[in-house]
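The values are calculated or read from the model by the stated rules, or taken from the named source; none is laboratory data. Computed from a predicted structure; not experimentally measured. Cβ placement follows ideal geometry from the backbone for every residue including glycine, while neighbour counts extend to all protein chains displayed. Ligands, DNA and RNA are stripped out before the accessible areas are found, and what is left, the full protein with its side chains, is counted by its heavy atoms. Shrake-Rupley method; radii C 1.70, N 1.55, O 1.52, S 1.80 Å.
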Amino acid sequence: ILPDWSENQNRDTVKSDILIESSTRLRSLSAGYDVVLSIDGILPCQLTKPCVLMSNTLNYWTEAVAVQASQWKGIVVPTSYYAKSIRAINHTARIYPVSYGLPEDVLQEANSVRPMMLKEDNMIIRLPHRPDYRKGHREAIEGLARALPESRKTRIEISWLDEERYLPYFNEIESLAEQLGVRKQVFFCGWLSGSDQIRAMRNSCAMLQLGLFEESFGLSIVESILFGRPALTRSQPAAREIVGTSELLIELTDPLDWYTILVDYFARRVRPESIDSDRRFLIRQLSLKRMTTKYSHILTEIIESK
């Protein structure tokens, strides 16, 4: 485990002692391995071993800089749609699309969950996203307020990272909910994982991702659909690539109209067998074994071609 030197830099400064320590340790560690795999970050030094980047987004500075580097023998990405974006930036790189995989116990749990078929009172709508204004927290609240009084019994549940740097955005969201008269319907919970996350998905009716953040895969979107809960989003081509024609991915023209669209979805009484078919398709796509096997083939190919 190396010091994360990329987290201690910005466009103007680099802490040289951390960079030097990271470089020294990486050279030492790499001597015992055939290939180096970096996740989202540029390596702090040049190596004689082949280096591969796992790239997951272009929406943050560190990740965007990494894909521009010439040190990679290959770049692994989660969707073919995202691969096109990488090729536009680094047209000489060898790019390998490999879908994410989820643990077998999560897939089995999802397969056992009853799809949410009917609109119910006291609906819980989840926003399981990082505190990033591009993820659509404001749009979710504005849409909830637009649908009043019909939406009065609907509750928005926001997963939140309790860090000081996100406090201004937290205050902004809270203030907006108060101003629009829906503060009692907006709840913040801690960042959920494991069984807590699964329980939250079971208890929810839908998931919102209404902002302008373009996903390279859309894990929260895909997980919602995997659990039989509709995901309401703006246009998300990468997520659409993964879930195919599923009716559970509802892409909106007007994100503030999400409540009306969701009510219409439940009123249509989508066939349970259609939802189950979508989930079985996703379970095959999201096999962790399938993902690791593909990574093994790619890394072996790169080692043998050096």
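What to note about this one:
- Multiplying the residue separation of residue 280 and residue 48 by 0.36 nm and removing their Cα-Cα distance gives an extension gain of 79.2 nm.
- The angle separating the long axis of helix 137-146 from the principal Cα axis of greatest extent in the chain is about 10 degrees.
- Accessible-area composition of the chain, carbon plus sulfur, in percent [1.4 Å probe]: 50
- Between residue 188 and residue 29, the C-beta separation translates, for a Förster distance of 35 Å, into a calculated FRET efficiency of about 0.30.
- One chain, two ends: residue 268 and residue 92. Fully extended at 0.36 nm per residue, the span grows by 58.6 nm beyond their Cα-Cα distance.
- Long-range Cα-Cα pairs in the chain (distance over 37 Å), rounded percent: 23
- Members of 73/135; 135/289; 84/294; 15/84 lying beyond 27 Å, as alpha-carbon distances in this model show: 73/135; 135/289; 15/84
- Cα-based shape type of region 182-306, given that a ≥ b ≥ c are square roots of the gyration tensor eigenvalues and the cut on a/c is 1.5: prolate
- Relative contact order (%) - region 162-306, alpha-carbon pairs under 8 angstrom, separation at least six: 16
- At a probe radius of 1.4 angstrom, the accessible area of region 97-153 per residue rounds to 48 square angstrom.
- Computed over region 107-246: relative contact order in percent, which uses C-alpha pairs under 8 Å that are six or more apart: 32
- Residue 250 paired with residue 303, simple spin-label distance in nm, labels 7 Å along Cα-to-beta-carbon: 4.8
- The slack in the chain from residue 161 to residue 16, taken as 0.36 nm per residue of separation less the alpha-carbon distance, amounts to 49.3 nm.
- Overall, the chain carries a charge dipole of about 660 debye about its Cα centre when +1 sits on the Cβ of Lys and Arg and -1 on the Cβ of Asp and Glu, all other atoms neutral.
- Residues 135, 289, 294, ordered by accessible area of protein heavy atoms at a 1.4 angstrom probe radius and largest first, appear as 289, 294, 135.
- Computed on the chain, with alpha-carbon pairs under 8 angstrom and 6+ residues apart, the relative contact order is 19 percent.
- Helix 194-203 vs. the chain, principal-axis angle (Cα, 0 to 90°, nearest 10): 30
- Region 187-235, accessible area per residue, ligands and nucleic acids excluded (1.4 Å, Å²): 33
- The calculated FRET efficiency for residue 289 paired with residue 203, based on their beta-carbon distance and R0 = 22 Å, is about 0.15.
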